[in-house]
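In what follows, a structure is listed as structure tokens, so that the remarks can point back to it.
The values are calculated or read from the model by the stated rules, or taken from the named source; none is laboratory data. Being a predicted model, the structure only gives us computed values, none of them experimental. Because the Cβ atoms are built from the backbone with ideal geometry, glycine has one as well, and the counts that use them run over all protein chains shown.
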Amino acid sequence: MADFYTNVGTGIKTLFDTTNDFSTAMTGGLWYQEAKQKTTFPYCVYSFLGDKPMYWMAASNPDEGEDILCQFSVFDKTASAININKYEGYLRALFDWANITVTSYTLMEMRRTGSVTLRVDDVWQTTVTYRIKIDKD
């Protein structure tokens, strides 16, 4: 895995750990890739879907920056969709256009690109995808 993923993940976790509605609501915590078995609901998992050099179609050096897709999935086991919708709102409030710190890079943008909510086996899931652009310092 590229080192910038570690730096972006650290920035995401640092922001999550601040006092905010989303981290307060996620009593099961924030996990990378997958939560441990028997994690209490609600909880959030984030992962990186991929990346590409930010200037891959331009004449600039492709090592200058990265364009990363990051996905957050929130899981809740309540009967109603009310809570999962509220949690998505908290997630958006925290991460839409967030100013996360990414060591060795300058964050250019953290922009939401889409979301979907569904229910599988009595568990609600909302998934929100972000495009994160970073430029090498």
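If you go through segment 1-39 and keep only what is out of contact with any Phe, Trp or Tyr (no Cβ under 9 Å at 6 or more places or on another chain), part of a loop (DSSP other than H, G, I, E, B) and of a type in the set (Ser, Thr, Tyr), you end up with Thr18, Thr19. When every residue of segment 62-69 is checked against the conditions, none turns out to be modelled with pLDDT of 95 or more and exposed (fewer than 15 other Cβ atoms within 10 Å of the Cβ).
Regarding Gly114, is this residue of a type outside the set (Val, Ile, Thr), touching a strand residue (DSSP E or B) at 6+ places or on another chain (Cβ under 6 Å) and in contact (Cβ under 8 Å) with a residue 60 or more places away in the chain? Explain how you work it out, then say what you get.
Details: of a type outside the set (Val, Ile, Thr): yes; touching a strand residue (DSSP E or B) at 6+ places or on another chain (Cβ under 6 Å): yes; in contact (Cβ under 8 Å) with a residue 60 or more places away in the chain: no.
When the stated conditions are applied, Gly114 does not pass them.
Just one of the numbered conditions (1) in contact with a helix residue (DSSP H, G or I) (Cβ under 9 Å, 6 or more places away or on another chain); (2) closer than 22 Å to Glu109 by Cα; (3) at pLDDT below 95 is not true of Thr78: (2).
Among what's in segment 21-40 and is surrounded by 14 or more Cβ atoms within 10 Å (Cβ to Cβ) and out of contact with any Ser or Thr (no Cβ under 9 Å at 6 or more places or on another chain), pick the residue that is farthest from Asp137 (Cα to Cα). Within segment 21-40, the match that is farthest from Asp137 (Cα to Cα) is Thr39. The number of residues in segment 1-18 that are farther than 9 Å from Thr103 by Cβ and at pLDDT 95 or above comes to 9.
Condition check ((1) surrounded by 12 or more Cβ atoms within 10 Å (Cβ to Cβ); (2) among the aromatic types (Phe, Trp, Tyr); (3) within 15 Å of the chain's Cα centre (by Cα); (4) at pLDDT 95 or above) across all residues:
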| site | (1), (2), (3), (4) |
| --- | --- |
| Arg92 | yes, no, yes, yes |
| Phe95 | yes, yes, yes, yes |
| Leu107 | yes, no, yes, no |
| Arg111 | yes, no, yes, yes |
| Val116 | no, no, yes, yes |
| Val120 | no, no, no, no |
| Gln125 | yes, no, yes, yes |
| Thr129 | yes, no, yes, yes |
| Lys136 | yes, no, no, no |
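Does Phe95 satisfy being out of contact with any helix residue (DSSP H, G or I) (no Cβ under 6 Å at 6 or more places or on another chain), within 14 Å of Gly11 (Cα to Cα) and in contact (Cβ under 8 Å) with a residue 60 or more places away in the chain? Against the criterion (out of contact with any helix residue (DSSP H, G or I) (no Cβ under 6 Å at 6 or more places or on another chain), within 14 Å of Gly11 (Cα to Cα) and in contact (Cβ under 8 Å) with a residue 60 or more places away in the chain), Phe95 qualifies.
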